[in-house]
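Peer 1: Below is the structure I would like to discuss, written out as structure tokens.
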Amino acid sequence: MVAATFEEKTYETAYNADLIAGAGGNWRVFSPGQVLEKVTGFDVAADPGPEHLIWRVLRVPRPRGLSLMPSHWASSRSGVPKARELPSMPLSLILQFKRPEYLYGSRAAQRRLWHGPYYRFSRSTEQHSVLKRLESKLADDAIVRYASPAFHTLGELEEAQMKRKVIALSGHVAPSVFGRHRVWTYNAAGTYGRGNPAGRARPVEAFDDLFASLIGVSSGRG
């Protein structure tokens, strides 16, 4: 097992740079501090502009989004953020970043399932509970996802940064799909992931797939 040679914050910074880059890019990216993050459960919330390259790549319009309110965390054991601590701008994408481990060799427990090396990341019980509740409350207006890269070296991260492919080379999984498992495993962005132990294969979304269900909901509203 090899831990990623970059910190989670380094990956987060590179990912956010992809979010704000390009024509139509903006700085509508909200990143709570460590204290507030323990309450909100997420690392970043964003809403790229309608002319941003990302929407042309996705071939979908920007989702409606919404402004976060303290009521979205009602009954949370981790606490409720104050209104003045939350951004007033509408947001449609909420992410919790995870730093992966790279597993290879005959002693890797799920090597036989992945037929080769794979990645994994773990989640905390308290944070996961907050994210699942938030995902449920925001279902029609914004999506909540874990994001983790399908690479593990600083060199790979730097190359992805230079090519503006950090997002494209990341996998995204919904807290509800993660379920009760403590560890999530995958071997590439956009392939399948598994809860560990004994989890069945489930889709891990690449960024191109990320808004598909949300756009389906929007188009069905009439």
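The values are calculated or read from the model by the stated rules, or taken from the named source; none is laboratory data. Remember, predicted model here, so these are calculated numbers, not experimental data. All Cβ positions, glycine included, derive from the backbone under ideal geometry; neighbour counts span all protein chains shown.
Peer 1: Given the criteria in a helix (DSSP H, G or I), out of contact with any Ser or Thr (no Cβ under 6 Å at 6 or more places or on another chain) and at pLDDT below 95, does A23 qualify?
Peer 2: No.
Peer 1: Among the residues of region 175-185, is any of a type in the set (F, W, Y), in a helix (DSSP H, G or I) and closer than 22 Å to H72 by Cα? Please lay out each step first, then the result.
Peer 2: The initial filter retains those residues of region 175-185 that are of a type in the set (F, W, Y), namely 178, 184.
Cutting the leftovers down to in a helix (DSSP H, G or I) gives us 178.
Next, only the ones that are closer than 22 Å to H72 by Cα stay: 178.
Yes, region 175-185 contains at least one residue that is of a type in the set (F, W, Y), in a helix (DSSP H, G or I) and closer than 22 Å to H72 by Cα.
Peer 1: With the requirement that a residue be farther than 24 Å from A46 by Cα and surrounded by 14 or more Cβ atoms within 10 Å (Cβ to Cβ), what does region 114-152 give you? Even if it seems obvious, please write down each step before you answer.
Peer 2: To start, the set of residues in region 114-152 that are farther than 24 Å from A46 by Cα comprises 114-120, 125, 152.
Answer for region 114-152, where residues must be farther than 24 Å from A46 by Cα and surrounded by 14 or more Cβ atoms within 10 Å (Cβ to Cβ): W114, P117, Y118, Y119, R120, H152.
Peer 1: Could you check region 68-165 for helices (runs of 4 or more DSSP H) lying wholly inside it with 3 or more residues that are touching a Cys at 6+ places or on another chain (Cβ under 6 Å) and farther than 18 Å from N16 by Cβ?
Peer 2: Those helices (runs of 4 or more DSSP H) do not exist here; none qualify.
Peer 1: Could you please find all residues in region 1-33 being basic (K, R) and either without any contact (Cβ under 8 Å) to a residue 40 or more places away in the chain or out of contact with any strand residue (DSSP E or B) (no Cβ under 9 Å at 6 or more places or on another chain) (or both)? Before the answer, list the steps.
Peer 2: We begin by selecting, within region 1-33, every residue basic (K, R); these are 9, 28.
Within region 1-33, just K9 meets the criteria.
Peer 1: Exposed (fewer than 14 other Cβ atoms within 10 Å of the Cβ) and at pLDDT 95 or above, is that true of A74?
Peer 2: Numbers: exposed (fewer than 14 other Cβ atoms within 10 Å of the Cβ): yes; at pLDDT 95 or above: no.
Criteria not met by A74.
Peer 1: Applying the selection to region 77-86, what residues are exposed (fewer than 15 other Cβ atoms within 10 Å of the Cβ) and at pLDDT below 90?
Peer 2: Across region 77-86, the qualifying residue is only R77.
Peer 1: Just the residues that are β-branched (V, I, T), at pLDDT 90 or above and touching a helix residue (DSSP H, G or I) at 6+ places or on another chain (Cβ under 8 Å), please, taken from region 125-153.
Peer 2: To start, the set of residues in region 125-153 that are β-branched (V, I, T) comprises 125, 130, 143-144, 153.
Restricting the remaining residues to those that are at pLDDT 90 or above gives 125, 130, 153.
The answer is V130, and nothing else.
Peer 1: Collect the residues in region 98-113 that are aromatic (F, W, Y) and either at pLDDT 90 or above or crowded, with 20+ Cβ neighbours inside 10 Å (or both), keeping them in residue-number order.
Peer 2: Y102, the sole residue that qualifies.
Peer 1: Quick one: what pairs do we get from region 144-159, first residue farther than 27 Å from K132 by Cα, second in a helix (DSSP H, G or I) and among the small types (G, A, S), C-beta under 8 Å, 6+ apart or different chains?
Peer 2: Every condition considered, the pairs that remain are L157/A14.
Peer 1: I need the full set of residues from region 1-20 which are part of a loop (DSSP other than H, G, I, E, B) and modelled with pLDDT of 90 or more, in order please.
Peer 2: Result: A4, T5, F6, E7.
Peer 1: Return the pairs, sorted by first residue and then second, in which the second residue is of a type in the set (D, E, K, R) and assigned to a loop (DSSP other than H, G, I, E, B), the first residue lies in region 173-190 and is within 22 Å of S129 (Cα to Cα) and in contact (Cβ under 8 Å) with a residue 12 or more places away in the chain, the beta carbons are less than 7 Å apart, and the residues are 6+ apart or on different chains.
Peer 2: Partner pairs satisfying both residue conditions: F178/R123; R182/R123.
Peer 1: Here's a follow-up. Under the condition of being under 12 Å from the mean Cα position of the chain (by Cα) and among the small types (G, A, S), which residue from region 143-167 is nearest to F6 (Cα to Cα)?
Peer 2: S148
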